[in-house]
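Chemist: Got a structure for you, written out below as structure tokens; questions coming shortly.
The values are calculated or read from the model by the stated rules, or taken from the named source; none is laboratory data. Computed from a predicted structure; not experimentally measured. Cβ placement follows ideal geometry from the backbone for every residue including glycine, while neighbour counts extend to all protein chains displayed.
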Amino acid sequence: MEETRVTPPLASFYLKEKPYYHPIGEEVPVFQTAFELKRPVLLKGPTGCGKSRFVAAMAFALNRPLITVACHEDLTASDLVGRYLLQGNETVWSDGPLSLAVKHGAICYLDEVVEARKDTTVVIHPLTDDRRILPVEKKGEVLSAADDFMLVVSYNPGYQSVLKDLKQSTRQRFIALEFDYPPLAIETEIVASEAQIPTEMAKRLVAIGEKVRHLKNHGLEEGVSTRLLIYAGQLIKKGIKPQIACTVAIADTMTDDAEMHQSLIEIIKLFFP
């Protein structure tokens, strides 16, 4: 008699390969300890500095499924918790990503949480204190979080206005980890590894990134992300000329302003004439 294989819950949400992540400080042991203590974590930092990659790396290290929700202004509490759906002639309940994570002990990652509606973020409050519960009002139920459940949220303080910021009543429920772009040597190693290019080439890309970041608040809302430097490196790896690769991955992506665009092109030409 053949043994029946049982597929574990959320099997498709386990990462199959270890994500590349280079620690910058003590973020790894802090996250691991927060997981052990069953405390939620808040990640804050600029776009493309490695927040999402860090969460993926930690999910792999902790052997937990990872459910990621990209928050936006139309995200409702039902989108997170669940809703009734019509299937044929029946009304069937469908769990949302947060409910699935709570039930099965996944890491639920709410990316750019401040983009969600205020009444939506309130739904996470009971999960972020010692109760660790999720009220499901439409079903008249209260879900208790599995031991391995963890809530992680992130946002970019540089983009937020007074109208889009975390309330203190929400913020003070989390252990916070602040991210920034890596130091030059580490960022060079990251770009070289991720783009699979020689270290000397990665150094030039990181040097471009450093100069572009000096233009933040001088015409640019945000500095160039490590992610874009990797994209440029990947294009170069595939045979695109370095100046063109940097133009399309950095200058063209970051601004539509003609004068600022030209400034970025001049920076690129310094390193790739």
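Chemist: Considering the stretch 108-127 alone, what residues qualify as being buried (at least 22 other Cβ atoms within 10 Å of the Cβ) and not in a helix (DSSP H, G or I)?
Modeler: Cys108, Tyr109, Leu110, Ala116 - these are the residues of the stretch 108-127 that are buried (at least 22 other Cβ atoms within 10 Å of the Cβ) and not in a helix (DSSP H, G or I).
Chemist: Next question, about the same structure. Between a first residue in the stretch 127-144 that is within 11 Å of Arg173 (Cβ to Cβ) and a second residue that is outside any loop (DSSP other than H, G, I, E, B), which pairs have beta carbons less than 6 Å apart while being 6 or more apart in sequence or on different chains?
Modeler: Hits for this filter: Leu127/Leu134; Leu127/Leu151.
Chemist: Looking only at the stretch 78-89, which residues are over 14 Å from Gly140 (Cα atoms) and buried (at least 22 other Cβ atoms within 10 Å of the Cβ)?
Modeler: Leu80
Chemist: Moving on to the next point. Of everything in the stretch 63-103, what is more than 20 Å from Val114 (Cα to Cα) and in a loop (DSSP other than H, G, I, E, B)? Give them in sequence order.
Modeler: Result: Asn63, Arg64, Pro65, Gly88, Asn89.
Chemist: Out of (1) of a type in the set (Phe, Trp, Tyr); (2) without any contact (Cβ under 8 Å) to a residue 60 or more places away in the chain; (3) not in a helix (DSSP H, G or I), what's the single condition that is false for Tyr20?
Modeler: Going through (1) of a type in the set (Phe, Trp, Tyr); (2) without any contact (Cβ under 8 Å) to a residue 60 or more places away in the chain; (3) not in a helix (DSSP H, G or I) one by one, Tyr20 breaks only (2).
Chemist: Hey, could you check the stretch 254-265 for residues that are in contact with a helix residue (DSSP H, G or I) (Cβ under 6 Å, 6 or more places away or on another chain) and part of a helix (DSSP H, G or I) and say which is farthest from Arg204 (Cα to Cα)?
Modeler: His261
Chemist: Another question, then. Would you check if there is a residue in the stretch 246-257 being under 18 Å from Glu187 (Cα atoms) and surrounded by fewer than 14 Cβ atoms within 10 Å (Cβ to Cβ)?
Modeler: No, there is no match, as no residue in the stretch 246-257 is under 18 Å from Glu187 (Cα atoms) and surrounded by fewer than 14 Cβ atoms within 10 Å (Cβ to Cβ).
Chemist: If you don't mind, there's one more thing I want to ask. Tell me yes or no: at least one residue of the stretch 90-107 is surrounded by fewer than 14 Cβ atoms within 10 Å (Cβ to Cβ) and either within 20 Å of Ala176 (Cβ to Cβ) or out of contact with any Phe, Trp or Tyr (no Cβ under 9 Å at 6 or more places or on another chain) (or both).
Modeler: Looking for residues that are surrounded by fewer than 14 Cβ atoms within 10 Å (Cβ to Cβ) and either within 20 Å of Ala176 (Cβ to Cβ) or out of contact with any Phe, Trp or Tyr (no Cβ under 9 Å at 6 or more places or on another chain) (or both), one finds at least one in the stretch 90-107, hence yes.
Chemist: What helices (runs of 4 or more DSSP H), lying completely within the stretch 197-250, carry at least 3 residues that are farther than 14 Å from Thr47 by Cβ and of a type in the set (Lys, Arg)?
Modeler: In the stretch 197-250, 199-213 are the helices (runs of 4 or more DSSP H) which contain 3 or more residues that are farther than 14 Å from Thr47 by Cβ and of a type in the set (Lys, Arg).
Chemist: Please work out if Ala116 is in the same structural domain as Arg171 (by TED's automatic domain parsing), of a type in the set (Gly, Ala, Ser), in contact (Cβ under 8 Å) with a residue 40 or more places away in the chain and out of contact with any helix residue (DSSP H, G or I) (no Cβ under 6 Å at 6 or more places or on another chain).
Modeler: yes
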